[in-house]
Each structure stands twice: as C-alpha cells, then as structure tokens.
Amino acid sequence: MTDKLIIFDTTLRDGEQSPGASMTRDEKLRIARQLERLRVDVIEAGFAASSNGDFDCVKTIASAIRDSTICSLARTNEGDIARAAEALKGAASGRIHLFIATSALHMEKKLRMTPDEVLAQTRASVRQARNLMADVEFSAEDGFRSDTDFLCRVLEAAIAEGARTINVPDTVGYAIPQLYGHFIKTLRERVPNSDKAIWSVHCHNDLGMAVANSLAGVKIGGARQVECTINGLGERAGNCALEEVVMAVKTRRDHFALDVGIATEHIVPASRLVSQITGFVVQPNKAVVGANAFAHASGIHQDGVLKARDTYEIMRAEDVGWSANKIVLGKLSGRNAFRQRLQQLGVTLESEGELVAAFAKFKELADRKSEIFDEDILALVFDESVTPEKEFYALVSLSQQSATGAMPRAKVAFTMGGRQVCGEAEGNGPVDASLKAIETQARSGAEMVLYSVNAISGNTESQGEVTVRLQNAGRIVNGVGADPDIVIASAKAYLSALNRLQNKSDRVVAQSGV
Ligand code: KIV
Ligand code: ZN
C-alpha cells in the first residue's frame, strides 16, 4: 500500500522573492503552463495582496490553468484574505495559503504581537478564509524555531477552524534532517486533531539541507506535501529543489513507498525555462538538471556505462527530459515546422504577430548559424526583442572594433520608448564599450552586480547567453540576452535588465510580516 506525496510548487511566489528573480505576468504564465505540464499538484502563483501586479498574475494564472490547484499566499488579515479569494475566483481549483509567524523571536520583534494575539488571529483568519474557499492551508512561519507547546495550540486551532493543510516551515534554513523529521512527527502526535489535515514541509536551503530536511519530514514525520521550487530558486540560498525531491522519491521508491504524480520528462525543460526567464544559471554539477548530471568524464565510468548503464547511473537522462543535442530545424524549415516545434517544446506565443516576429528571428539566426537546436529556439522566443513594441528599450544595431593593443570602441543604436537613439563609447573590452555606449543615452545610473556568459549548446558555434544583474535605488533585476555574438548578447541582456528596472512594482515581500 502506498500513498501520494503532494507536490506544491512555489517558484512563482517564494522563488520570485530571490533578489533579481522578479518576473512579468507573461513570464509567470509561461512557467505556470510548464508546471501544469509537469503535473504539479499545487501552484503557488503569487501573493495577491502584495501588489496590483501580483494580484493580476494570480488572477491570470487562475483562469488559464485547469489541471493544477492555484494558490495565493495571504497574511492573516481580512484585506489579504479577501484579495486572495478575489484573485482566485476563476480557478478550477483554488487555495488560500495563510501564514503568520509563531516563533517567540518573530512574534516579539517582527509582529510585536503576544502569543495569545497570534492564536486569536490564526482562528479568525482561518475561519474567514474558509467562508470564502474550501481549500485553506495554514503556515506557521518560522515554525521550526517555535515553542512546541505553543505551536501545537496554534496548529490545533487552525485545523479546528477548517485548515486542510498544515505547513511547518523552516523559514531560515536552520533545521537538521533528523531534528526536523522528529519535530514534524512530534507535532502530528501531539496535536489532537492532526489526522484531519495533510501535513506539509517547507524548507529553506541556508545550510544546504532543504531537500534532506524535506525528505526527513516526509519519511520520519509523515508529511504528505512538499513545498519546493524549480532549480531550488528562492530567497538567500533558495528553497527545496523540486527536481531533487521528486527524483529522490521516485528513484528510491523502495524506501519512501510514495506515489508522485509528476511527469518527470518535463523537468529539464522546466528548469531551462525558469533559468532563462530569471537569469539564474544552473550550476553544471547540480543534481538532475545540471549540464554534467549525466555526463561521464572518467574512462572507468564511461566503460562501465557502456557495458551496463546501471553501473554508474541511477536515473535515466531521458526520464527527466534530457534530449541529445538534436539538430531540429535549419535554414530551409518553414513557418509551420517552426510552429510545430514550438508546440512540442510547450511554447505558446500569444498572437500570430509574435509567431511571425519569432520566425523572422529564427531565419536571421539560421543564416548565421548552421545548426539550430531546441535551446536556440527557446532562447530566441524568450528574447524580448521578439516583441519590441512591448519593451521600453530594444536593440536596433551594434558595431564595435577591437584589436590587440587598441582601445575597443562600440556604437549602439537602440529604441528608448519608441524613439531611436545612438550612443558611442570606448571601454576596457568590446562588451564594456557597448554597455557604456548604451549608458551614454539611457543614463540609468544602475550598478552592475553580476555579468555572466554561458554557451547555450556547448561549442564555439553556440549562441552565448548572457545574464546581467543591475542594482538601482534598492532594486535588483536580472536581464538575459542570447546571440551567437556575445557582445550583442550582452547588449540585449543589458537592455532587458533596464526594461525590468523600468517596470516598477510596489510588491510587499512575504516574510516582511503584517
Ligand atoms: O519560508 C516561509 O516561512 C514561507 C511562508 C510564507 C510559507 O515562505
Ligand atoms: Zn519560504
């Protein structure tokens, strides 16, 4: 007899809280569609009350996604709960996720509330949320560092008021697997009505143990929901990685004896999509989704794998969505073949106009690059210059000169709010000169805090994918750009980051409290 482990993905909420990972509504919708394809059980689409933008994202995702439950985070106040319920109105299946801190430290220093006030607010908020929606989850923020007796009283009250899921976050990543597993077990044993709720784990990765802690919460504690994000994206060191926790439970079914509904062949495309949209590059040696996760470099390993795969491989690369670098389209491919390939890759462009623009970019790329891989197509459709009319800044042209012993010089033409401008500058290298040329006109005053280049498909013919992280007036944003010419990719990434700085948002961060 096995039972099911519910996979709750919070890439779009907790993941987005990672500095620089903020996403537009369209980007969130694209990720939500991929999560639905993955058959994630619950998608936390955002925190509806945090900003009008987030409200709109939750609402859009709630009406577009049919096969996963859509959830909105809410603090334990009337306004947040009403806003979450409003945003979730169109959902086929909706959930309100309430949270309030229960550790002495958070209650006293952050909330400035007494334990009795927190308990009363828990009761009132779950009751209010249950009047609006059948599916309510309650989270005790900083639960792992909370007093056990007090936490038991709070969780008992939340269940008595009708919370169906009880989540015990390790908000600051302080837990150790054995301790966290036993903590969940103790809570389940001591809360009198614990059998009326599904218990959930939510672990942060500050000590690198988010996945291990979550698995201990499942195995030792009996939790049946794991909260996680694609690539482990999230604040500080991130959250529990969906791909790792899912593949651990699937690969070691002998140990966990649990069913997971995830369509694992969509894991790698989901990882790429999130990485491409947020600009958070996946480290090559990352479990499951890193470029080296299935590469065998040593002769002994290669020999073993050729003789019998399971000598060194515990999972099959194709089961998590790794496809060999196939040449998928070429110069002579038509628009229908392009459309079809996009469909196979799970990409839906919003309008025929976007398809025409993306196809024109594809033809341009095919003229410059002999082999076009899936990765190239994905980079191309996510390139903001496909929809320049939607962007404040868009690249028009770039030329630069560099030679040994000479100071590199660049000339960049781009549009700024529909008006074409041109900047020229010298720099330490061609990339530096190009970005300085942009700044002569944009004058953003932003500080660059990260610049990285990654080859999309592995050799020098590959497109370079550049990530630029900019900081300005307390905001951090990432921009991504791809092109076979890394100087052009850099200019695109820089303009994309400037576009994000342009998109101001009044978001409230979840852990910032009531
Ligand atoms: O880490 C945390 O405590 C959270 C809650 C808001 C669920 O993300
Ligand atoms: Zn969290």
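Some observations on this one:
- If you check Arg13, Arg33, Arg75 for being within 30 Å of Val381 (Cβ to Cβ), touching a residue at least 40 places away in the same chain (Cβ under 8 Å), charged (D, E, K, R) and touching a Leu at 6+ places or on another chain (Cβ under 8 Å), only one passes: Arg13.
- The residues listed here are Ala157, Ala212, Ala140; of these, the one that is without any contact (Cβ under 8 Å) to a residue 40 or more places away in the chain and in contact with a Leu (Cβ under 8 Å, 6 or more places away or on another chain) is Ala157.
- Selection from the stretch 146-180 of residues that are under 15 Å from Ile100 (Cα atoms), within 16 Å of ligand 1 (Cβ to nearest atom) and surrounded by fewer than 20 Cβ atoms within 10 Å (Cβ to Cβ): Val172
- Among (1) more than 16 Å from ligand 2 (Cβ to nearest atom); (2) crowded, with 23+ Cβ neighbours inside 10 Å; (3) more than 20 Å from Ser22 (Cα to Cα) - the single one Ala308 does not satisfy: (2)
For every residue, the table says whether it meets (1) within 14 Å of ligand 2 (Cβ to nearest atom); (2) at pLDDT below 95; (3) over 15 Å from Thr229 (Cα atoms).
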{"position": "Thr2", "(1), (2), (3)": "no, yes, yes"}
{"position": "Ile7", "(1), (2), (3)": "no, no, no"}
{"position": "Arg13", "(1), (2), (3)": "yes, no, no"}
{"position": "Thr24", "(1), (2), (3)": "no, yes, yes"}
{"position": "Ile43", "(1), (2), (3)": "no, no, no"}
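- With respect to the conditions (1) β-branched (Val, Ile, Thr); (2) open to solvent by 40 Å² or more (accessible area, probe 1.4 Å); (3) part of a helix (DSSP H, G or I), Val281 falls short on a single one, namely (3).
- Positions within the stretch 187-217 being buried (at least 24 other Cβ atoms within 10 Å of the Cβ) and away from ligand 1 (no atom under 16 Å from the Cβ), in sequence order: Leu215, Ala216
- Selection status of Thr60, of a type in the set (S, T, N, Q), open to solvent by less than 60 Å² (accessible area, probe 1.4 Å) and modelled with pLDDT of 95 or more: yes
- Residue count for the stretch 20-33, restricted to those that are open to solvent by less than 10 Å² (accessible area, probe 1.4 Å) and on the phi < 0 side of the Ramachandran plot: 4
- In the stretch 81-101, residue nearest to Val136 (Cα to Cα) [restricted to those that are open to solvent by 10 Å² or more (accessible area, probe 1.4 Å) and not hydrophobic (A, V, I, L, M, F, W, C)]: Arg95
- Failed condition for Glu36, given (1) more than 18 Å from the chain's Cα centre (by Cα); (2) away from ligand 2 (no atom under 16 Å from the Cβ): (1)
- Any chance Asp67 is within 20 Å of Val347 (Cβ to Cβ) and in a loop (DSSP other than H, G, I, E, B): yes
- Selection from the stretch 87-128 of residues that are farther than 14 Å from Thr76 by Cβ and either in contact with a strand residue (DSSP E or B) (Cβ under 7 Å, 6 or more places away or on another chain) or part of a loop (DSSP other than H, G, I, E, B) (or both): Ala87, Leu88, Lys89, Gly90, Ala91, Ala92, Ser93, Gly94, Arg95, Ser103, Arg112, Thr114
- Of the residues making up the stretch 414-451, just one is of a type in the set (Phe, Trp, Tyr) and over 15 Å from Val468 (Cα atoms), namely Phe414.
Okay, residues lined up against (1) in contact with a helix residue (DSSP H, G or I) (Cβ under 6 Å, 6 or more places away or on another chain); (2) outside any strand (DSSP E or B):
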position: Ile159; (1), (2): yes, yes
position: Pro169; (1), (2): yes, no
position: Gly181; (1), (2): yes, yes
position: Glu189; (1), (2): no, yes
position: Val201; (1), (2): yes, no
position: Gly217; (1), (2): yes, yes
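- Failed item in (1) at pLDDT 95 or above; (2) open to solvent by 10 Å² or more (accessible area, probe 1.4 Å), with Gln17 passing the rest: (1)
- Assessment of the stretch 439-460 against the conditions (at pLDDT below 90 and in contact with a Pro (Cβ under 6 Å, 6 or more places away or on another chain)) yields no matching residue.
- Unique match (being open to solvent by 70 Å² or more (accessible area, probe 1.4 Å), touching a Lys or Arg at 6+ places or on another chain (Cβ under 6 Å) and not hydrophobic (A, V, I, L, M, F, W, C)) among Glu350, Glu447, Glu424: Glu424
- Residue count for the stretch 427-468 under the criterion of being assigned to a strand (DSSP E or B) and not acidic (Asp, Glu): the result is 12.
- Scanning the stretch 214-264 for residues that are under 20 Å from the mean Cα position of the chain (by Cα), among the polar types (S, T, N, Q) and at negative phi returns Ser214, Gln225, Thr229, Asn239, Thr264.
- In the set Ile314, Ile300, only one residue is more than 29 Å from Arg500 (Cα to Cα), open to solvent by 60 Å² or more (accessible area, probe 1.4 Å) and touching a residue at least 60 places away in the same chain (Cβ under 8 Å); that residue is Ile314.
The values are calculated or read from the model by the stated rules, or taken from the named source; none is laboratory data. What you see is a predicted model; the values in this text were computed from it and never measured. Because the Cβ atoms are built from the backbone with ideal geometry, glycine has one as well, and the counts that use them run over all protein chains shown. These accessible areas exclude ligands, DNA and RNA; they are computed on the full protein's heavy atoms, side chains included. Shrake-Rupley method; radii C 1.70, N 1.55, O 1.52, S 1.80 Å.
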